[in-house]
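One structure is given here, and the rest of the page talks about it.
The values are calculated or read from the model by the stated rules, or taken from the named source; none is laboratory data. From a predicted model like this one, the values you see are computed outputs, not experimental measurements. Methodologically, a virtual Cβ is constructed for each residue, glycine included, from the backbone with ideal geometry; neighbour enumeration extends over all protein chains shown.
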Amino acid sequence: MVVRFIESVIRSGSVISPTLYKEVLNLVKHCLDQSVQFIQFLQYLKQNSEPIKKNPTAIVVLNHIIRESEYFVGIAQTLLYSQR
């Protein structure tokens, strides 16, 4: 699905139809929602998983994934909120 939108946007050049624009924004919203849930899940794992708590490497990896996901969330929110 994501690849289809990317290809459509690339093929459209600098002119994107209102329908495609709306569909891309809907996809961004969906990805934003999924990313927020993913971050919450990773936070839950960090707080409740004894094996993760005891593994410093796992904590570093989870923190990195969380930071990168939060970065995406910030970009997606900026994009969506600028459309209001």
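Can you confirm whether residue 52 is assigned to a helix (DSSP H, G or I) and under 20 Å from the mean Cα position of the chain (by Cα)? No: the conditions fail for residue 52. Residues that are over 18 Å from residue 69 (Cβ atoms), among the hydrophobic types (A, V, I, L, M, F, W, C) and at pLDDT 90 or above within the range 1-29 comprise just one, 25. For the range 2-12, the count of residues that are in contact (Cβ under 8 Å) with a residue 24 or more places away in the chain and under 14 Å from the mean Cα position of the chain (by Cα) is nonzero.
Listed conditions (1) part of a helix (DSSP H, G or I); (2) of a type outside the set (Val, Ile, Thr); (3) loosely packed, with under 13 Cβ neighbours inside 10 Å are all met by residue 20, apart from (3). Of everything in the range 51-69 that is of a type in the set (D, E, K, R) and exposed (fewer than 13 other Cβ atoms within 10 Å of the Cβ), the residue that is farthest from residue 39 (Cα to Cα) is 54.
Checked against the criteria, residue 32 does not count as on the phi < 0 side of the Ramachandran plot, at pLDDT below 95 and out of contact with any Pro (no Cβ under 8 Å at 6 or more places or on another chain). Residue 42 meets the stated requirement of being more than 24 Å from residue 82 (Cα to Cα) and of a type in the set (A, V, I, L, M, F, W, C). All told, residue 15 meets the bar of being exposed (fewer than 11 other Cβ atoms within 10 Å of the Cβ) and outside any helix (DSSP H, G or I). Note on the range 61-82: residues that are free of Cβ contacts under 8 Å to residues at least 24 places away in the same chain, part of a helix (DSSP H, G or I) and of a type in the set (Ser, Thr, Tyr) amount to 3.
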